[in-house]
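Notes for the one structure printed next.
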Amino acid sequence: MKDTGSAMVEFMADLYPICRSITGNGVRETLHKVNEILPIEIVEVPTGELVFDWEIPREWNITDGYIKDPGGNKILDFKKLNLHVLNYSMPVSGHFSLEELKKHIHTIPEKPDLVPYRTSYYKENWGFCMSHNQFRTLEEGEYEVLIDSSLTSGSLTYGEVLIEGKIREEILISTHICHPSLCNDNLSGIAVSAFLGNMLKSREPHYSYRFIFIPGTIGAITWLSQNESKLGRIRCGIVTALLGLGERFTYKRTRSGDGYIDKVFEFILKKEGVLHDIIDFTPYGYDERQFSSPGINLPVGSLSRIPYGQYHEYHTSGDNMDLISGKALTESFDILDKVIAHLDADRRYLNLSPKGEPQLGKRGLYDNVGGRNDSQLFQMALLWVLNFSDGNHSLTDIAIRSDIAIELIIEASEKLAEKGLLKLLN
Amino acid sequence: MKDTGSAMVEFMADLYPICRSITGNGVRETLHKVNEILPIEIVEVPTGELVFDWEIPREWNITDGYIKDPGGNKILDFKKLNLHVLNYSMPVSGHFSLEELKKHIHTIPEKPDLVPYRTSYYKENWGFCMSHNQFRTLEEGEYEVLIDSSLTSGSLTYGEVLIEGKIREEILISTHICHPSLCNDNLSGIAVSAFLGNMLKSREPHYSYRFIFIPGTIGAITWLSQNESKLGRIRCGIVTALLGLGERFTYKRTRSGDGYIDKVFEFILKKEGVLHDIIDFTPYGYDERQFSSPGINLPVGSLSRIPYGQYHEYHTSGDNMDLISGKALTESFDILDKVIAHLDADRRYLNLSPKGEPQLGKRGLYDNVGGRNDSQLFQMALLWVLNFSDGNHSLTDIAIRSDIAIELIIEASEKLAEKGLLKLLN
Amino acid sequence: MKDTGSAMVEFMADLYPICRSITGNGVRETLHKVNEILPIEIVEVPTGELVFDWEIPREWNITDGYIKDPGGNKILDFKKLNLHVLNYSMPVSGHFSLEELKKHIHTIPEKPDLVPYRTSYYKENWGFCMSHNQFRTLEEGEYEVLIDSSLTSGSLTYGEVLIEGKIREEILISTHICHPSLCNDNLSGIAVSAFLGNMLKSREPHYSYRFIFIPGTIGAITWLSQNESKLGRIRCGIVTALLGLGERFTYKRTRSGDGYIDKVFEFILKKEGVLHDIIDFTPYGYDERQFSSPGINLPVGSLSRIPYGQYHEYHTSGDNMDLISGKALTESFDILDKVIAHLDADRRYLNLSPKGEPQLGKRGLYDNVGGRNDSQLFQMALLWVLNFSDGNHSLTDIAIRSDIAIELIIEASEKLAEKGLLKLLN
C-alpha cells in the first residue's frame, strides 16, 4: 500500500489537467474523482437561483481555444494548458490584428516566463493568458483566434459529505475547487481534505465531520444559503488551502481570535515543533471570509503553508506538479490529523473524589516507593486530569495547560474513569 | 496667510509678557487674546464661593516689584521678568537687611543661571525669585524692596466655548492658563488649543467640542463644581500641555487605562510614525488629576511632549520663547487634529447584507478581472467595513483592527452606505 | 539576642537527627520542639479514621536498624543516619545472603556517594538505603540484618495554631514535617514558619493567621477533612518549603493564577529586588496540591527557593546542615515577613471628598510653596491613596499600581483618615 503522501501526489496529478471553474464539467469531473477517495454527494444548484445577495451564474464549459499566428502556426493552445484561456471567457472565433488581439491578452511583465491565471466570472469578456516573453515576440499581422466555450443555463456544482459521528455536533472542513491547472492552489487542499475524510470514515469519530468541496466565494455563499438552518450544529471549522508548498505553516485565526479551534491549532503547531506563524483574521483570503461574515459568524480558522499571494508562482503556470512536494502534503495531512484527533477526543469529565487527591496507590495507579525524583509523566497526567476535571476544563484544555500530549491525557482519563474516579460529562 | 506653526509662535510671543496667576487681570488679558483666535465666554466666579472642598481665593493683582541694592541700583525688576516676584506674593514696601531679605528670596543652586518660578497661593507670604548666580553676589547692607500687589475680593476667571456639533455628546479639551512668563508650560497648550478650536469652528463637527482655558487645580475644580450636571455629556477628554518642546510625544492614559480616547491616541501616534511614549495614569501632572478624581472619573487622557518636570528649563526663566519651536507646535497640532478627525468621523454602521459578502462587482465596487495578486487597499477597506459593521464595531475600531487609515475606512463606509449595503447606527 | 538566621539554623540543627515520618514519635518530638518557638496544639488522629478518600495508616516507630557484614562488622547504622532505613519499613531480623539482601537495598547509581531517602508508606516492605559506592563493595556472604520498627494502631500527629487577629478571616501557612534527616526539605520550611508565627504573635495582626505543621499529602488531607467547615474563613494561603538553599526564589501561583496572594508575592519579589521566578500552578510539588484540589480550591501559593527535585542533594543524605545557609533562611524569612506585612496592612478606604482633589494645604498635608520640581514621595502617596480609594482598590492594590512601598501608602492613608478625608471600609 502506498504512503499517503505519494497517494495524494498521484491524485493531484490526475486532477491537474482538468479545466475547473466556478461552474461546469471540470468541477463535476473533479468531484467524481474526489468521490473515488471519499464518497460524496454531488449537488447541482440551477442557474438563476438566488443565494443571499448573489445569483447562480450561467454555467461555463469549454472544449478548445487557440491562437494561430499570421503564418498559421498554433502559438497558444488551451488543450496544452487550460490557463491560456481567460476563465469564464465568452466564445470567440475570428481574425484579429495584433493590436486588437493584444487588448485581450493578459501577461505578467514582472514574471515574464509565467502564464498568469485570470478570470472574468461576472463581466462578459474574452481573453487569453500568455507569458510576457511570448507576448513580446508577437509580430504584426492577422491572427486566427478560437475560444470554443459556452455560457448556458445550467448549474453550479459542489460536493459534500457528512461523516456521522457519535454526536450530531459538526466539525466543518471546507476547501475550494474552482481553480483550473494550479497545484498548490488548490489541488493540495482538495487532496488533503479528501484523504482526511477517507481516514475519518474508518474511525467512528465522536463528532460528525462535514467535508465540503466548493467553488470559491459563490460556492461558499451557495452552500451557506442552502444550509443556513443547519449551521447551528457546527462547533467549528477549518478552511484548507495551499498545503503543498513551503517550510512553514500559517494558521489564520477565527474572526473572534480566541475560538476553541484557535487554541487547538496553536497548541498542536507548537507541540509538534513545526515552523509556523499564527495570523489574525482578515476578511480576505479564502472562504473563511464567507463563513466569518457578520451574519454567519462561524468560528472557522484556516490552515495554509505559504499564505496566498506570497509565493512567486502564485496564480501562474508555475504552480504545477513540480512545485509541490509529497513531504509538505504529508506534513499538512499529519497536522490536520493531530488537530482532528484533539477535537475528536475532547471530553469533559467530573472528578468524583475532588477533595484532596484520591489515593491512587491503593488503586494501582501510583508508584509505591516514594521519595524518588523521577515522577513519571503518566502520573503527572493522572494528577492534571484529576485536578482540572472540575466541570470547567476539557481534556484539550488540560493538555494545553499541562503541555502533555493529548494521547497521554486521554489514557489517564480513561484509567481514572475505569477506577470510578471520573464521570464523563460530555 | 501664515502657516499655523508661525501663527502659534506669534500668538505665544504676544502672551508671553503677561503676568498670569490663578486669578487676576493677567488671566483676563490672556483670555481676551485667546478670544481673538477662538471666541470664548469669559466666566467670573467670585471670591469666597465654595467649589467642592475649596473656596475661591482673593484675587491677586500686581503692578510693580523690585529690589534696590544698598547703592540704590535696581537689581531685580518685575517689569522686566514677572517670574521675579513670588506668584501671589503679599504687598511689601520697606528696607531690609541682607539677612532678612534672603529669607524671602528663592533660587535654584543647581541651576545657578535660571530664575525659578514659585507660587504661594494659599499661604500669606512675600518673596522674590532670582538666579543663584545673582544671589551669590549680594553684598551686606540695607535693601529697598517693593511689591505693589493686592489681594482683594474679586473673582477667579476662566474661558470656555462649546463648538456645537451635530450631536450633543461632547469632547472636552482643557488647558491650564495660570503660569506667567513660561512658554512651553503652558503658552504652548493654550496656543494649540485655541488654534484647534478655531479650525473646528469651520468644520461643522459631528460631536460637540468644549474647550476650557482654566487656572490649574483650582480652576479645574471650579469648572467641575459649576458644571457637574453637564458632565454626563462628555464622551472623553484631552488635557493639552507642554506641546512646544522635544522630539517625542508623551500620551498619558486615562484612569481606567483602556478608554476609547486611549485606543485612538495609541493608534494615531503609531500610525503617524512619530516618536512617542504611552504612560499610565498617575494622580499627578496637570488637570487630568481633577477630571480623574474618583467622584468625577471622566475618561480624560493627556498629551504632552517632554513630560512635566523632565526638562532643564522647567518652571524657570529658561522656559522662554527661545526654548520652543514652531515645528514642535505644528506637529502637536497635527497629531491632535488627526485624533479629533478620528473621533469626529467615528460612526457605527450595520451591514444590511451580512450573510456572506455582498456582490460588490455588480455594484461597481469590485475589480472585475479576478485572480490578480494586487488586491487594492480600497477593496480591502470595503471588506473590513462590511465584515465588522456588525453593530459592535465603530469605524475607528475597524481602522485600528485593519491598520488602514481612517480616511479610507470612511470613504469605504460612505460608498457602501450609498449603495444601500450599510445603515448608519450612530 | 541572636539574629533570626542563626536562631533558625540552631533550631534546625536540633531537629536534624530526629527520624520523622508521616506518623510516629519523630513527628511528636518535632512538634514539641516547634512548640518551644511557637506554641501549638498537637492533634492526634487515630489509625483507621477515614479522611476523604484515605484512611489514617498504622503508626510507625523505629528504634534501631543495621546491617552487619559476614565478618560481623556493622556496615550500616540507623542510629548514625536515619535515612539508612526505608521510611515506614516493616521490622525484620535475620540473616540473608548478599543476593537476597540486595533486593532490599536502594541506591542512586548516578550519585554514588549519596544515601537516598526512600519511603514505602502504603505497601508493606522492608529495606535499607545506602550509597552506591558502598553498595559496590559488598562481598558475598551472609549478612545479619535488623530493623527494630513497629507498625501499630496509633495515630497521625500534626500541629496547629491560630494566631487570632482583629478579624476572623484567616491566612493559612502550611509546611510539611514528614521528612526525616533532610535539612532544606523541609527543616527550612518548619523553621521559617515557626519563627514567622513567633513574630506574628507579638504583633496583634489584623487577619487571623493559621499555621499548620503537617505530614505531606496524608497530613494535608487529614487536616482538610477535619476542618472542612472552617475553610470558608481562609482568604488565602502559603505553602513554605525548601527555603534554605539557592540564590533565587520560586513563587508558584495559585490554581487560578490571578489570586490576591499572587499579586502580592509578585509585587514584593520585584520590589525587593531579589532574583526570582514566578511559575504557574501544577498539581505536583507540596501540599498546594491538596489545598488546590478541585473540591477544596483554596487560593494557596507556594514559596520555595530552588524548586523540589532540582538540586543535586534533593532527597539524599547530601541535604544536611552543610547545605543550607543562615543567609538564605533570613532572606526567605524577610520576604515572607514583607508579604505578611502587606496582607495584614491591607484595607480599603473610601475617599470622602472624591470630587477633585481635596485641599491638602489647608489641612497641613501639602507643601505650601508651589512650583517646585521635587514633589515628595509622601505627597504622591497621598494623591494615590485619594484617587484610588474609590471602594474598588485596597491599599495593596494602590501600592502595586503606584509602585510605592506599602509602608508609605499606609502612612498616607492613616494621615488622610485622621483628617477626615477617608473612611475605613474594611
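Worth a mention:
- Residue that is farthest from C:Asp346 (Cα to Cα) [pool: residues in segment C:221-230 that are more than 10 Å from every other protein chain (Cβ to nearest Cβ) and of a type outside the set (Lys, Arg)]: C:Gln226
- For segment A:397-426, a residue qualifies if it is over 14 Å from A:Ile268 (Cα atoms) and basic (Lys, Arg), and the qualifying residues are A:Lys415, A:Lys419, A:Lys423.
- Answer residue from segment C:201-220, given it is over 10 Å from C:Gly165 (Cα atoms) and more than 14 Å from the chain's Cα centre (by Cα) and is nearest to the other protein chains (Cβ to nearest Cβ) among those: C:Ile218
- Residues satisfying the stated conditions in segment A:23-66, i.e. under 30 Å from B:Leu352 (Cα atoms), touching a strand residue (DSSP E or B) at 6+ places or on another chain (Cβ under 7 Å) and of a type outside the set (D, E, K, R): A:Thr23, A:Val43, A:Val45, A:Pro46, A:Thr47, A:Gly48, A:Ile56
- Neighbours by Cβ (under 8 Å, 6+ apart or cross-chain): first from segment B:130-155, farther than 15 Å from B:Pro70 by Cα; second part of a helix (DSSP H, G or I) and not small (Gly, Ala, Ser): B:Met130/B:His84
- Among (1) assigned to a strand (DSSP E or B); (2) surrounded by 19 or more Cβ atoms within 10 Å (Cβ to Cβ) - the single one B:Met8 does not satisfy: (1)
- Selection status of A:Gly420, out of contact with any His (no Cβ under 9 Å at 6 or more places or on another chain), under 17 Å from C:Pro283 (Cα atoms) and surrounded by fewer than 21 Cβ atoms within 10 Å (Cβ to Cβ): no
- Test: residue in segment A:385-407 that is within 17 Å of C:Asn297 (Cα to Cα), outside any helix (DSSP H, G or I) and among the charged types (D, E, K, R): yes
- Within segment B:214-235, residues that are at positive phi reach partners that are in a loop (DSSP other than H, G, I, E, B) with beta carbons closer than 8 Å, at six or more positions or on different chains, in the pairs B:Thr217/B:Ile22; B:Thr217/B:Asp287; B:Thr217/C:Glu357.
- Count of segment C:180-200 residues which are over 13 Å from the mean Cα position of the chain (by Cα) and either closer than 18 Å to C:His32 by Cβ or at pLDDT below 95 (or both): 3
- Residue within segment C:165-176 that is closer than 30 Å to C:Val264 by Cα and within 14 Å of chain A (Cβ to nearest Cβ) present: yes
- Scan segment C:315-361 for residues that are part of a loop (DSSP other than H, G, I, E, B), of a type in the set (Lys, Arg) and within 38 Å of the chain's Cα centre (by Cα) and the total you get is 2.
- Taken over segment B:249-263, the criterion of being within 14 Å of chain C (Cβ to nearest Cβ) and within 23 Å of B:Leu329 (Cβ to Cβ) is satisfied by B:Lys252 alone.
- Scanning segment C:264-290 for residues that are over 13 Å from the mean Cα position of the chain (by Cα) and within 14 Å of chain A (Cβ to nearest Cβ) returns C:Ile279, C:Asp280, C:Phe281, C:Thr282, C:Pro283, C:Tyr284, C:Arg289, C:Gln290.
- Restricting segment C:30-54 to residues that are part of a strand (DSSP E or B) and not acidic (Asp, Glu), the residue that is nearest to the other protein chains (Cβ to nearest Cβ): C:Trp54
- Qualifying residue in segment B:33-52 (condition: out of contact with any Leu (no Cβ under 6 Å at 6 or more places or on another chain), among the acidic types (Asp, Glu) and closer than 16 Å to B:Tyr122 by Cα): yes
Yes/no matrix, rows are residues, columns are (1) surrounded by fewer than 21 Cβ atoms within 10 Å (Cβ to Cβ); (2) of a type in the set (D, E, K, R):
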residue	(1), (2)
A:Glu41	yes, yes
A:Pro46	yes, no
A:Trp60	no, no
A:Ile67	no, no
A:Leu101	yes, no
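- Helices (runs of 4 or more DSSP H) fully within segment B:202-314 counting 3 or more residues that are surrounded by fewer than 20 Cβ atoms within 10 Å (Cβ to Cβ): B:260-271
- Filtered residues of segment C:362-397 (kept if at the interface with chain B (Cβ under 9 Å from one of its Cβ atoms), modelled with pLDDT under 90 and over 45 Å from the mean Cα position of the chain (by Cα)): C:Asn368, C:Val369, C:Gly370, C:Gly371, C:Arg372, C:Asn373
- Segment A:398-418 residues that are in the same structural domain as A:Lys271 (by TED's automatic domain parsing), paired with ones that are part of a helix (DSSP H, G or I) and at pLDDT below 95 (beta carbon under 8 Å, 6 or more apart): none
- Scope segment A:163-201; condition surrounded by fewer than 18 Cβ atoms within 10 Å (Cβ to Cβ) and among the hydrophobic types (A, V, I, L, M, F, W, C); matching residues: A:Ile167, A:Met199
- Just one of the listed residues (C:Pro70, C:Pro57) is touching a helix residue (DSSP H, G or I) at 6+ places or on another chain (Cβ under 8 Å), in contact (Cβ under 8 Å) with a residue 40 or more places away in the chain and assigned to a loop (DSSP other than H, G, I, E, B), namely C:Pro57.
The values are calculated or read from the model by the stated rules, or taken from the named source; none is laboratory data. Keep in mind that what you see is a predicted model, and the values were worked out from it rather than measured. Every residue, glycine as well, gets a Cβ built from its backbone with ideal geometry; the counts of neighbours run over all protein chains shown.
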